[in-house]
Amino acid sequence: MLFQLWNRPLAAATRAARTRERLGDDLIDKLDRLHDGVLRTGVVTESDLRMAYRKSLEQEQRNHLNPWYAIGILLFIMLATPVFFGTIHFILGVRCFLPNNYLVWEATRPISDCGFCSSVQGPLILQNLTREEFAPFAYSSQPIIIKNAVAHWPAAKSLNFTYLKDLYERTPGALDEDCQFLHFRSDFKSLKEVFLMSDQRANFVGGSNQPWYVGWSNCHPTVLEELRKLYPRPHFLPEDAEMPNTDYIFLGYEQGAFMHLDYIPRLMWQAQLQGNKSWILAPTPECDHLCHSFSFYVEPGDAVLVDTRIWYHGTSIPKGQFALTIQSEYG
């Protein structure tokens, strides 16, 4: 009976064509979908067909989100979010409730081209070399260790926790600067707290035995200028390589950085000034079938170059030992 309902004589077909022109393709598409639904549900009369169509329109209207309602929700989220995080900061003293938005960045990062790691079994180890000798490797995604590349820097002898604490405390505004601070697994919430720890804990002696490891960007202009007197631009980098206006310092005992990617615009170099540090590198998950994870360690005076934007990486320091590194970017 349903087919009789829809297969009218020629005159009815002509009227249907005119109806299509008048109502447009959108409504006819809806009727076609409704017709398919009727076939599945067993509606067999014209009255039932009209009733079903009215119900479908009502359901569609109920499912349609009022645009003003959506705008209201969006405005509420925009206003409530800073209030929420401001409250968290006031109560807990934590600047970032979700530090560095790693979850968001990971969820939105592009899929890797596995060519960067398919033939890599470990770091390329080079002896100290000139800029010209380093040129073929300068912009490679191959992890590289350059032995004894920074052993001659004054920072290898002069830079330590006491020096940094004194520099920051005597530089007006340095500890109040809104520079990035990374507490990793430590219990510190700011660089100011790091420099307030006891001498026993800072030196990992006595009854303390409480490991700590932190990192931060030395973005204060005066601090950056003073620190760069102790470490020059690495001599092996390309002459035209762009350098940032901030560097990073990482130091502490036993602990290290958890596995992560860096969301930075350029390649990275890191100078191991004191202590040994172990690294573990892993490809992005979509490249597990082609690439391998591996680990290595660096010694004082070594420079490490890793494209940390595409290699997952984590670090650790041997038990009871202290490590200090300087890190920056180039590109």
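The values are calculated or read from the model by the stated rules, or taken from the named source; none is laboratory data. No experiment lies behind these values; they were computed from the predicted model shown. Methodologically, a virtual Cβ is constructed for each residue, glycine included, from the backbone with ideal geometry; neighbour enumeration extends over all protein chains shown.
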* **Extreme residue, surrounded by the most Cβ atoms within 10 Å (Cβ to Cβ), among residues of the range 123-165 that are over 30 Å from Lys192 (Cβ atoms) and small (Gly, Ala, Ser)** => Ala149
* Asked: Quick one: would you say His289 is at pLDDT 95 or above and either assigned by TED's automatic domain parsing to the domain that holds Lys189 or more than 18 Å from Phe184 (Cα to Cα) (or both)?
  -> no
* Filter pass, Asp302 being over 20 Å from the mean Cα position of the chain (by Cα), closer than 22 Å to Phe137 by Cβ and either surrounded by fewer than 20 Cβ atoms within 10 Å (Cβ to Cβ) or in the same structural domain as Met243 (by TED's automatic domain parsing) (or both) -> yes
* Could you tell me which residue of the range 206-226 is nearest to Thr315 (Cα to Cα), considering only residues that are surrounded by fewer than 18 Cβ atoms within 10 Å (Cβ to Cβ) and touching a helix residue (DSSP H, G or I) at 6+ places or on another chain (Cβ under 8 Å)? => Gln210
* Structure fact -> Scanning the range 206-247 for residues that are without any contact (Cβ under 8 Å) to a residue 24 or more places away in the chain and closer than 23 Å to Phe258 by Cα, the one farthest from the chain's Cα centre (by Cα) turns out to be Asn209
* To do: Examine the range 250-258 for a residue that is hydrophobic (A, V, I, L, M, F, W, C) and modelled with pLDDT of 95 or more, and state whether such a residue exists.
  => yes
* Asked: Which one is nearest to Val223 (Cα to Cα), of the residues in the range 166-191 that are surrounded by 15 or more Cβ atoms within 10 Å (Cβ to Cβ) and of a type in the set (D, E, K, R)?
  -> Glu177
* In the set Pro232, Pro244, Pro238, which member is at pLDDT 95 or above and under 25 Å from Asn148 (Cα atoms)? -> Pro238
* **Given (1) among the β-branched types (Val, Ile, Thr); (2) closer than 26 Å to His235 by Cα; (3) touching a strand residue (DSSP E or B) at 6+ places or on another chain (Cβ under 6 Å), index of the condition Ile310 fails** => (3)
